[in-house]
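The next block holds one structure in the form of structure tokens; read it before the comments.
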Amino acid sequence: MARPSPVTDAVRAVFTGGRRHAWSLDELHGSVRERLGGADYSTVFRAVGTLEREGLIDRVDLGDGKAHYELHDEHHEHVRCDACGRVAEVPGCVLEDASAAVQSSTGFVVTSHQLVFTGRCPDCA
């Protein structure tokens, strides 16, 4: 078992606090630094890896070239604003039927998928 870590505890608190959705590593690092008064980027990176392996968080690709992480929950899609980068959760899975069709037509067993809609948020529209 891993030894206790204030950084890992702070990263866990960021995700379980429920303040927002889809954190980048830079954003997590900033939040942890605020909570603890300082934290090394590589330590936050390792903490994220630990929480991902434990199944507490999931990695999400939002199409902006950065890794994002969110609390593990029921599968859902995302929408990202092209202007400000704001991300919102799209409730439920809009690709259930498409996943079944892909599986049927290719013989692959579909284990996951990610879909990101892009556009303008209400503030930027």
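The values are calculated or read from the model by the stated rules, or taken from the named source; none is laboratory data. What you see is a predicted model; the values in this text were computed from it and never measured. Positions of Cβ are backbone-derived with ideal geometry, glycine not excepted, and every protein chain shown enters the neighbour counts. The accessibility values were calculated without ligands, DNA or RNA, using every heavy atom of the protein model including side chains. Shrake-Rupley method; radii C 1.70, N 1.55, O 1.52, S 1.80 Å.
Structure data summary
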item: Alpha carbon centroid spacing (whole Å) that separates the range 104-125 from the range 69-94; result: 10 Å
item: Virtual spin-label span in nm between Leu56 and Val109, 7 Å along Cα→Cβ; result: 3.0 nm
item: Ala125 versus Leu95: modelled label distance in nm, points set 7 Å from Cα along the beta carbon direction; result: 2.4 nm
item: Rounded percent of accessible protein surface that carbon and sulfur make up, the chain, 1.4 Å probe; result: 50 percent
item: Local electrostatic count at Gly92 - Lys and Arg +1, Asp and Glu -1, tallied over other residues with Cβ under 10 Å; result: -4
item: Gyration tensor (alpha-carbon) shape descriptor, the range 48-98, a/c threshold 1.5; result: oblate
item: Counted charge near Asp123, where neighbours are those whose Cβ lies closer than 13 Å (Asp, Glu -1; Lys, Arg +1); result: +1
item: The range 68-100: GluC sites (Glu not before Pro) in DSSP loop, at most 13 other beta carbons within 10 Å; result: Glu74
item: Sequence ranges 113-123, 13-23, ranked by mean other-Cβ count within 10 angstrom, highest first; result: 13-23, 113-123
